[in-house]
Amino acid sequence: MPDQIDTRRRRLLGTTVAGIGLLELGLSGLARASETTTPRNAAAPLRPEAFTDLRHVETPTLSIAYAETGPANGPVVILLHGWPYDIYSYAEVAPMLAAQGYRVIVPYLRGYGATRFLSADTPRNGQQAALARDVIELMDALKIQRAILGGFDWGGRTVNIVAALWPERVKAMVSVSGYLIGSQEANRAPLPPKAELAWWYQFYFATERGQAGYDANRHDFNKLIWHTASPQWQFDDATYDRSAQAFGNPDHVAIVIHNYRWRLGLAQGEAQYDALEARLAKAPPIAVPTITLEGDANGAPHPDPSAYAKKFTGRYAHRNIGGGTGHNLPQEAPRAFADAIIDVARF
């Protein structure tokens, strides 16, 4: 979701470097200048068959529901959504990539859509390391050794973590709003009042009233987030309602509430992820080839690209996407997102 608080907190703590020109980055000292791109919306089916005929695979923890399209022997692209969104954020991106020969896999995250926990006893844990481990276990279950990863919001943070901790599994990456890896320690630092105001829902979720309110009003609540995070995106009710079905997952509220409470240190994670979180708390660099994207009308809190540029130590480029593009960039500017995947695969 509007999911960039961790980067901002690190900036306040002095762990990110602002004002770094993107021309300083690149493989072997070579740089790629940032690019300004406008959305190029090509016609594509809004309901490709792959998105209505879901597949399922079991991991040690989950039965993951996912859409798949493209040739089975093509280079694999895994695309991850965020909160409060779902796999339909990629309904136009996926067929564009499939047409270029990619095998595209778009899973529902834990707590969304038809993805289910295998055991009632498993903690409904939304911490960042758990979501990243889900991706590795999905790849293992599907016998995928390496993939190109793309994501935004929760999905952007997740692909960052997989690329940082398991770089041997990642061929390349596209991340909306850049570097999103955080820690509970970094999140202890307060933000300026205006920035805290943008995170009103996080404080709401920290209360029992907030949990009950989200449970009772998740349809209207998340529609409000869509409007505020993408103020210039003129989506219709049918588009929103199609995605809103994913919020009916029986574990959805528990996962969302735990995710935001965990960030603030108000909820415990699982001990099995402690070692991973310790590594993530050091804000590890990402060496895999990367393109980061940012919309010109992103209404969610997000860092300036210069604040995270040096976190990407491999070949790297940043693109600003114009045309009133908001937080749900893959759905609002699908051609630009698909082009970034295709281009980063050639790095």
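The values are calculated or read from the model by the stated rules, or taken from the named source; none is laboratory data. What you see is a predicted model; the values in this text were computed from it and never measured. Glycine also receives a Cβ, built like all others from the backbone with ideal geometry; neighbour counts cover every protein chain displayed.
Of the conditions (1) farther than 27 Å from His219 by Cα; (2) out of contact with any Asp or Glu (no Cβ under 9 Å at 6 or more places or on another chain); (3) assigned to a loop (DSSP other than H, G, I, E, B); (4) touching a residue at least 40 places away in the same chain (Cβ under 8 Å), Gly323 satisfies every one except a single condition; which number is it?
For Gly323, the failing item is (2).
Given the conditions (1) surrounded by 14 or more Cβ atoms within 10 Å (Cβ to Cβ); (2) in a helix (DSSP H, G or I), report the number of the one that Trp233 does not fulfil.
(2)
With the structure loaded, tell me whether Tyr112 is of a type in the set (Ser, Thr, Tyr), buried (at least 17 other Cβ atoms within 10 Å of the Cβ) and touching a strand residue (DSSP E or B) at 6+ places or on another chain (Cβ under 7 Å) or whether it fails that test.
Values: of a type in the set (Ser, Thr, Tyr): yes; buried (at least 17 other Cβ atoms within 10 Å of the Cβ): yes; touching a strand residue (DSSP E or B) at 6+ places or on another chain (Cβ under 7 Å): no.
No, not satisfied.
Among the numbered criteria (1) of a type in the set (A, V, I, L, M, F, W, C); (2) assigned to a loop (DSSP other than H, G, I, E, B); (3) closer than 25 Å to Pro284 by Cα, which one does Ile341 miss?
Only one criterion in (1) of a type in the set (A, V, I, L, M, F, W, C); (2) assigned to a loop (DSSP other than H, G, I, E, B); (3) closer than 25 Å to Pro284 by Cα is unmet by Ile341, namely (2).
Of all the residues that make up segment 134-146, how many are crowded, with 24+ Cβ neighbours inside 10 Å and in contact (Cβ under 8 Å) with a residue 60 or more places away in the chain?
Filtering segment 134-146 down to residues crowded, with 24+ Cβ neighbours inside 10 Å leaves 135.
Next cut, in contact (Cβ under 8 Å) with a residue 60 or more places away in the chain only: none.
Of the residues in that region, 0 qualify.
Across segment 168-183, what is the total count of residues that are surrounded by fewer than 23 Cβ atoms within 10 Å (Cβ to Cβ) and more than 14 Å from Arg157 (Cβ to Cβ)?
So in segment 168-183, the residues surrounded by fewer than 23 Cβ atoms within 10 Å (Cβ to Cβ) come out as 168-169, 171, 183.
Keeping just the survivors that are more than 14 Å from Arg157 (Cβ to Cβ) gives 168-169, 171.
Adding up the residues that qualify gives 3.
Tally the residues that are under 11 Å from Val76 (Cβ atoms) and either hydroxyl-bearing (Ser, Thr, Tyr) or more than 13 Å from the chain's Cα centre (by Cα) (or both), restricting the search to segment 139-169. Steps first, answer last, please.
Looking only at segment 139-169, we keep the residues that are under 11 Å from Val76 (Cβ atoms), and these are 139, 142-149, 169.
Filter once more, keeping what is either hydroxyl-bearing (Ser, Thr, Tyr) or more than 13 Å from the chain's Cα centre (by Cα) (or both): 139, 142-148, 169.
Total meeting the criteria: 9.
Might you check whether a residue that is of a type in the set (D, E, K, R), in contact with a Phe, Trp or Tyr (Cβ under 9 Å, 6 or more places away or on another chain) and more than 19 Å from Val106 (Cα to Cα) occurs anywhere in segment 322-336?
Taking segment 322-336 and keeping what is of a type in the set (D, E, K, R), we get 332, 335.
Narrowing further to those that are in contact with a Phe, Trp or Tyr (Cβ under 9 Å, 6 or more places away or on another chain): 332.
Imposing the further condition that a residue be more than 19 Å from Val106 (Cα to Cα) reduces the set to none.
No: segment 322-336 contains no residue that is of a type in the set (D, E, K, R), in contact with a Phe, Trp or Tyr (Cβ under 9 Å, 6 or more places away or on another chain) and more than 19 Å from Val106 (Cα to Cα).
Could you pull out the residue among Ala186, Ala195 that is of a type in the set (Gly, Ala, Ser), at pLDDT below 95, touching a Lys or Arg at 6+ places or on another chain (Cβ under 8 Å) and crowded, with 18+ Cβ neighbours inside 10 Å?
Ala186
Among the residues of segment 190-204, write down those that are assigned to a loop (DSSP other than H, G, I, E, B) and in contact with a Pro (Cβ under 7 Å, 6 or more places away or on another chain).
Let us first name the residues in segment 190-204 that are assigned to a loop (DSSP other than H, G, I, E, B), namely 190-192, 199.
Listed by number, the list holds a single entry, Trp199.
How about segment 256-311: which of its residues are among the acidic types (Asp, Glu) and part of a helix (DSSP H, G or I)? Full working, then the answer.
Start the filter on segment 256-311 by keeping residues that are among the acidic types (Asp, Glu), which leaves 270, 274, 277, 294, 296, 304.
Passing the criteria: Asp274, Glu277.
Can you tell me which residue among Ala244, Ala281 is free of Cβ contacts under 8 Å to residues at least 40 places away in the same chain and closer than 19 Å to Gly155 by Cα?
Ala244
Picking from Lys311, Lys282, which residue would you name as being among the basic types (Lys, Arg) and out of contact with any strand residue (DSSP E or B) (no Cβ under 8 Å at 6 or more places or on another chain)? Steps first, please.
On the way: Lys311 fails: out of contact with any strand residue (DSSP E or B) (no Cβ under 8 Å at 6 or more places or on another chain).
Result: Lys282 is the single residue among Lys311, Lys282 that is among the basic types (Lys, Arg) and out of contact with any strand residue (DSSP E or B) (no Cβ under 8 Å at 6 or more places or on another chain).
Determine which member of the set Asn217, Asn160 is surrounded by fewer than 21 Cβ atoms within 10 Å (Cβ to Cβ), assigned to a helix (DSSP H, G or I) and of a type in the set (S, T, N, Q).
Numbers: Asn160 fails: surrounded by fewer than 21 Cβ atoms within 10 Å (Cβ to Cβ).
Among Asn217, Asn160, only Asn217 is surrounded by fewer than 21 Cβ atoms within 10 Å (Cβ to Cβ), assigned to a helix (DSSP H, G or I) and of a type in the set (S, T, N, Q).
Could you tell me which residue of segment 242-295 is surrounded by the most Cβ atoms within 10 Å (Cβ to Cβ), considering only residues that are closer than 13 Å to Gln127 by Cβ and aromatic (Phe, Trp, Tyr)?
Tyr260
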